[in-house]
1. Give the stretch 9-30 a look and list any residue that's in contact with a helix residue (DSSP H, G or I) (Cβ under 9 Å, 6 or more places away or on another chain) and in contact (Cβ under 8 Å) with a residue 12 or more places away in the chain, or say none.
2. Take the stretch 75-122 and flag every residue that is open to solvent by less than 30 Å² (accessible area, probe 1.4 Å), within 17 Å of residue 22 (Cβ to Cβ) and part of a helix (DSSP H, G or I).
3. Counting residues that are under 23 Å from residue 112 (Cβ atoms) and open to solvent by less than 60 Å² (accessible area, probe 1.4 Å), which strands (runs of 3 or more DSSP E) fully inside the stretch 1-74 reach at least 2?
4. Looking at residue 47 and the list (1) aliphatic (A, V, I, L, M); (2) under 14 Å from the mean Cα position of the chain (by Cα); (3) over 14 Å from residue 79 (Cα atoms), which single condition is not satisfied?
5. Quick one: count up the residues across the stretch 92-122 that are closer than 21 Å to residue 27 by Cα and β-branched (Val, Ile, Thr).
Amino acid sequence: MKYVLMFTSDPELDAVVPAERSEADMQRIFQWHEDNAAHIVDGGAALHEASTATTVRAGDQGPVVVDGPFSEAKEVIGGFTLIDVPDLDAAIALARTWPSLELPGNSVEIRPMYDEAELFGQ
């Protein structure tokens, strides 16, 4: 089953983590991807901060492009990875090894993905 792992962090924590720690964390994240390559469908990507986002919303006259507000969350979504594992338990086990979980306020959201048969009733 395919899942997306969305990696989030506390924006207040990001401001106080020393640069050396951030660099070391990035190296550990790259290593995590290497160590788990057998389960990774798409390596995903790190995302720029929410202030750089553009949103297209439904409007009365059709779609409207806005600079905010963005999807609301208490955490900042910093990136994602797509994985393919047998079940939710395996996805949880993999997510529990995410290096940034050592810092308070960080989390990994696990969300199952639809496959084409589920989406199109095949």
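1. Listed by number, the residues that qualify are 9, 11, 14, 17, 25, 28, 29.
2. Listed by number, the residues that qualify are 99, 100.
3. In the stretch 1-74, the matching strands (runs of 3 or more DSSP E) lie at 2-9, 40-46.
4. Going through the list (1) aliphatic (A, V, I, L, M); (2) under 14 Å from the mean Cα position of the chain (by Cα); (3) over 14 Å from residue 79 (Cα atoms), residue 47 breaks only (3).
5. 2
The values are calculated or read from the model by the stated rules, or taken from the named source; none is laboratory data. Not measured: the values here are computed from a predicted model. Methodologically, a virtual Cβ is constructed for each residue, glycine included, from the backbone with ideal geometry; neighbour enumeration extends over all protein chains shown. These area figures cover heavy atoms from the full protein model, side chains too; ligands, DNA and RNA do not enter into them. Shrake-Rupley method; radii C 1.70, N 1.55, O 1.52, S 1.80 Å.
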